[in-house]
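Single-structure report; data block below.
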């Protein structure tokens, strides 16, 4: 099993997919306490809860994966090219420079490729190329990988001295919303499946919406049961006055005049039902909306694994790896396995 470090882990969507393909996080790093609770209650992966700027490590780990914050690049927000979060990929680079892994995977919104943000992507690619990585970048739609949702995300893959291809689509027919969540219509026992009780006038208005129609007062639509969902987002939506709403505001259920539950949104993201989300309902929804869809992560991980095998990189462990937070706590992994062959 290849070992990895997971940065900006959130609730673990990227990690779930990679673990399915035989990768094991030696540490997950995230600043969100609720997301860290979710990681801890679902897996025994060590978790560093804190700012990535305070995360220190040394030694060797085969791979580094992660999705730096995307709010500064997303058209759903203000899209400020100078948002401080736009520069957090440099902390990712700092750790890669220290660890010298064989491969890296980064995920972000396609907005990172837009003209006003492209300098960040170009700087990122050039920095990793100077580290010896051959870089591949492209946008993948989750619906092409068995996720019942159109969700376009940028994936940047790098192999030290070798190329990692973007994965080809894994399905010929897209999965529909009804196929994904239809069995939850009358379910009352699945975790994270508490239904919202909306104001009567809101429920009445939503009951009149047809499939795909948008609420005239709020910028979210009713799902079409026979198509993939629109993108599940972490929060927001627009109020009647054009202002951004706080909290989790997923699409409207195709059958009932209510928004999706956290579990329905998680299903549409491709999470298994036994992956439990911690925190308030708003925090749970935010975690789901921010996550990488696990089936897409699994497809990317499979491409990474194929490239490692093809280039005879059979390292499975770590060597002298230690992580810490300003000397407050640390974990070590002392394993003898080192790469028996490198690409080239």
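The values are calculated or read from the model by the stated rules, or taken from the named source; none is laboratory data. From a predicted model like this one, the values you see are computed outputs, not experimental measurements. Here the Cβ is made from the backbone with ideal geometry for all residues, glycine too, and neighbour counts use every protein chain on show.
Scan segment 29-63 for residues that are free of Cβ contacts under 8 Å to residues at least 60 places away in the same chain and within 16 Å of residue 88 (Cβ to Cβ) and jot them down.
Hits for segment 29-63 are 29, 30, 31, 51, 52, 53.
Need pairs with beta-carbon distance below 7 Å; first residue exposed (fewer than 15 other Cβ atoms within 10 Å of the Cβ) and within segment 272-285, second at pLDDT below 95; sequence gap 6+ or separate chains.
Cβ pairs passing all conditions: none.
Being within 28 Å of the chain's Cα centre (by Cα), surrounded by 14 or more Cβ atoms within 10 Å (Cβ to Cβ) and over 14 Å from residue 251 (Cβ atoms) is the filter here, so list the residues in segment 196-239 that pass it.
239
Just checking, how many residues over segment 78-114 are modelled with pLDDT of 90 or more, crowded, with 20+ Cβ neighbours inside 10 Å and under 19 Å from residue 290 (Cβ atoms)?
Residues in segment 78-114 being modelled with pLDDT of 90 or more, crowded, with 20+ Cβ neighbours inside 10 Å and under 19 Å from residue 290 (Cβ atoms): 5 in total.
Quick one: residue 176 ticks every box in (1) touching a residue at least 12 places away in the same chain (Cβ under 8 Å); (2) more than 30 Å from residue 276 (Cβ to Cβ); (3) within 26 Å of the chain's Cα centre (by Cα) except a single one, so which number is it?
Against the list (1) touching a residue at least 12 places away in the same chain (Cβ under 8 Å); (2) more than 30 Å from residue 276 (Cβ to Cβ); (3) within 26 Å of the chain's Cα centre (by Cα), residue 176 comes up short only on (2).
When only residues in segment 38-56 that are modelled with pLDDT under 95 and in contact with a helix residue (DSSP H, G or I) (Cβ under 8 Å, 6 or more places away or on another chain) count, which is surrounded by the most Cβ atoms within 10 Å (Cβ to Cβ)?
Looking at residues that are modelled with pLDDT under 95 and in contact with a helix residue (DSSP H, G or I) (Cβ under 8 Å, 6 or more places away or on another chain), I get 52.
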